[in-house]
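Data first, discussion second: the structure below is written as structure tokens.
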Amino acid sequence: MTKSDMIARLAERFPQLVAKDADFAVKMILDALSDALVKGDRIEIRGFGSFSLNHRPPRIGRNPKSGEKVRVPEKWVPHFKAGKELRERVDKSIEAVERARN
């Protein structure tokens, strides 16, 4: 699902929302999530999952083209962990699809 798909579904589900308002709402939510991660906060959405930051220490990598060693600096990367309810829903839906194929 893309951001525009999300906006379209939100506008479809709530007819009183103009597409422009749905766009604004989705943008505000995504901005709030991004701002929280930038500040180093953890985000938890019950039934969906949590977002946090993982630290990756500096390391020596290799340039795949030339094979030469390259220093890769440390960095913080966003990490998503699905909640129990989401994992169970996905698991059930995949099992149903696999049963339908057989």
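The values are calculated or read from the model by the stated rules, or taken from the named source; none is laboratory data. As the structure is a computational prediction, the values presented were derived from the model and not from experiment. Because the Cβ atoms are built from the backbone with ideal geometry, glycine has one as well, and the counts that use them run over all protein chains shown. The accessibility values were calculated without ligands, DNA or RNA, using every heavy atom of the protein model including side chains. Shrake-Rupley method; radii C 1.70, N 1.55, O 1.52, S 1.80 Å.
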Of (1) open to solvent by 60 Å² or more (accessible area, probe 1.4 Å); (2) touching a residue at least 12 places away in the same chain (Cβ under 8 Å); (3) under 27 Å from K75 (Cβ atoms); (4) not β-branched (V, I, T), D35 fails just (2)
Output for Cβ contacts, cut-off 7 Å, separation at least six or different chains, first residue in contact (Cβ under 8 Å) with a residue 60 or more places away in the chain in region 75-92, second assigned to a helix (DSSP H, G or I) and surrounded by 13 or more Cβ atoms within 10 Å (Cβ to Cβ), reads none
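Of everything in region 52-101, what is assigned to a helix (DSSP H, G or I), farther than 30 Å from R42 by Cβ and either open to solvent by 60 Å² or more (accessible area, probe 1.4 Å) or at pLDDT 95 or above (or both)? Give them in sequence order.
E95, V97, E98, R99, A100, R101
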